[in-house]
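Only one structure is covered here, and it is reproduced in the block below.
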Amino acid sequence: MLAYKKYVTIKDPENLVLKKLPFRSGQRVEIVMIAEDEKKKISAQELRKLFKKTQKLPRVKAISEGQIAEEIKAYQAGN
């Protein structure tokens, strides 16, 4: 199965035109339309802001790569 994803903004809810598709003439395709969840979009934006804020904390800069690796090993070991 060949999957093709394209994001579009609906301008006219009664008409949607897709151009330059990667399918051959006469090929049967399945169309699935999923509306973007605005709440998820907002949450992702807020999460990015939080990451930027926490990355600027002075304590974050004091953590070494070795300490991060140790923390990951401890987590994976269940400690």
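The values are calculated or read from the model by the stated rules, or taken from the named source; none is laboratory data. Fair warning: this is a prediction, and the values are worked out from it, not measured in the lab. Ideal geometry is used to build each Cβ from the backbone, glycine not excepted, and the neighbour counts take in all protein chains shown.
A few points about this structure:
- Test result for I34, at pLDDT below 80, within 30 Å of A3 (Cβ to Cβ) and under 15 Å from the mean Cα position of the chain (by Cα): no
- Residue match in region 7-17 (condition: loosely packed, with under 10 Cβ neighbours inside 10 Å, without any contact (Cβ under 8 Å) to a residue 40 or more places away in the chain, on the phi > 0 side of the Ramachandran plot and not hydrophobic (A, V, I, L, M, F, W, C)): no
- Per the listing S25, S64, the residue uniquely of a type in the set (S, T, Y), out of contact with any helix residue (DSSP H, G or I) (no Cβ under 8 Å at 6 or more places or on another chain) and within 29 Å of L2 (Cα to Cα) is S25.
- For region 30-58, the set of residues classified as assigned to a helix (DSSP H, G or I) and charged (D, E, K, R) consists of E38, K39, K40, K41, E46, R48, K49, K52, K53, listed by residue number.
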